[in-house]
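Read through the structure below, which is laid out as structure tokens, and then see the notes.
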């Protein structure tokens with residue numbers, strides 16, 4: 001079942017996940033994550049009622065708000081990553097690998113689970129891009145963005161399998177818990193170096 005709105009939501013998820021990888025400014029990160037939740041909303045509402053999918057959207061935007069407020073109150077001194085792969089070219093290359101790998105996996109997963117290709121590819125893409133973000137970043141803000149992206153991709157795939165209201169509420173609590181944990185780690189006082 002190929003529909004144009006699902007492909008548009010996939011393209012939005014693709015652009016926002018690439019944007020989260022390439023842009024280092026926290027404002028862009030919050031904006032990309034908020035737009036990414038719009039695509040997650042659309043792909044989830046194909047299997048869940050609109051009210052449950054809207055709760056997912058509102059929860060995601062609340063998580064973005066919590067992270068944005070926490071980032072406003074922290075020192076905006078930019079530190080460099082301690083890891084070796086720092087350049088945009090490396091991030092772009094690994095993003096291309098994730099896109100190709102998730103496309104190959106989504107072809108099989110869409111037939112196996114009976115999903116449309118844009119839904120399967122979007123969910124696997126977001127999981128892959130979130131794991132990539134977790135693998136190459138050590139900053140708490142980037143780690144929380146990666147975790148929220150992984151969870152968003154999982155929720156798209158899980159919405160096709162289960163439509164329980166209790167599970168949707170539990171996933172919303174996990175999203176808000178991740179945002180509050182990220183806010184705590186962003187505002188945690190830095191220990192004095194000896």
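A few comments on the model shown:
- Residues being in contact with a helix residue (DSSP H, G or I) (Cβ under 8 Å, 6 or more places away or on another chain) and either loosely packed, with under 15 Cβ neighbours inside 10 Å or within 17 Å of residue 156 (Cβ to Cβ) (or both) - total across segment 91-113: 12
- Screening residue 167 against (1) surrounded by fewer than 19 Cβ atoms within 10 Å (Cβ to Cβ); (2) touching a helix residue (DSSP H, G or I) at 6+ places or on another chain (Cβ under 6 Å) leaves a single unmet condition, (2).
- Residue check, residue 167 under 23 Å from residue 71 (Cβ atoms) and without any contact (Cβ under 8 Å) to a residue 40 or more places away in the chain: no
- Within the set 96, 128, the sole residue that is touching a residue at least 12 places away in the same chain (Cβ under 8 Å) and in a helix (DSSP H, G or I) turns out to be 128.
- Members of segment 175-191 that are surrounded by 14 or more Cβ atoms within 10 Å (Cβ to Cβ), within 23 Å of residue 13 (Cα to Cα) and more than 11 Å from the chain's Cα centre (by Cα): 176, 178, 179, 182
- Within the option set 128, 146, being in contact with a helix residue (DSSP H, G or I) (Cβ under 6 Å, 6 or more places away or on another chain) and closer than 15 Å to residue 32 by Cβ holds for one residue only, 146.
- Hey, residue 136 out of contact with any helix residue (DSSP H, G or I) (no Cβ under 6 Å at 6 or more places or on another chain) and at pLDDT below 95 or not: yes
- Annotation: of all residues in segment 112-125 being in a helix (DSSP H, G or I) and over 17 Å from residue 42 (Cα atoms), the one that is modelled with the highest pLDDT is 112.
- Consider segment 101-125 and keep the residues that are under 18 Å from the mean Cα position of the chain (by Cα) and free of Cβ contacts under 8 Å to residues at least 40 places away in the same chain. The one that is nearest to residue 186 (Cα to Cα) is 124.
The values are calculated or read from the model by the stated rules, or taken from the named source; none is laboratory data. Quick caveat, the model's predicted, so the values are computed rather than measured. Please note: Cβ atoms are built from the backbone with ideal geometry, for glycine as well, and neighbour counts cover all protein chains shown.
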